[in-house]
Amino acid sequence: MSELNPVRIAVIGAGAMGRNHIRFVTEEPEAELVAIADAFEGARATAEAAGVPFYTDPAQMMDEVKPEAVIIATPTTCIWALPASL
């Protein structure tokens with residue numbers, strides 16, 4: 001049986017739903033939380049508690065962390081503000 005590397009996952013949005021996704025990712029042995037991005041500086045505490053880098057710019061996060069997957073957990077009205085390059 002071979003061991004697979006966990007999937008490197010970042011989360012955009014650290015509100016109520018984002019924190020649920022963060023918890024699920026950290027509890028999943030086949031996943032690794034690698035970064036959190038949120039427009040609000042107050043969400044930095046969530047990233048610090050999870051032991052991952054925090055970004056207010058999701059494009060910068062993508063460039064620097066290079067996650068394999070991203071969970072977008074922002075309110076529907078905010079999704080359109082994200083860069084199309086994500």
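A few remarks follow.
- Which numbered condition L86 misses (of (1) in contact with a strand residue (DSSP E or B) (Cβ under 8 Å, 6 or more places away or on another chain); (2) modelled with pLDDT of 95 or more): (2)
- Scanning the range 53-64 for residues that are surrounded by 19 or more Cβ atoms within 10 Å (Cβ to Cβ) and either within 12 Å of R19 (Cα to Cα) or not hydroxyl-bearing (S, T, Y) (or both) turns up P58, M61, M62.
- Across the range 8-50, the number of residues qualifying as loosely packed, with under 13 Cβ neighbours inside 10 Å, more than 12 Å from the chain's Cα centre (by Cα) and either at pLDDT 95 or above or in a helix (DSSP H, G or I) (or both) comes to 9.
The values are calculated or read from the model by the stated rules, or taken from the named source; none is laboratory data. Values in this document were obtained by computation on a predicted structure and should not be read as measured data. Every residue, glycine among them, receives a Cβ derived from its backbone with ideal geometry; neighbour counts consider all protein chains shown.
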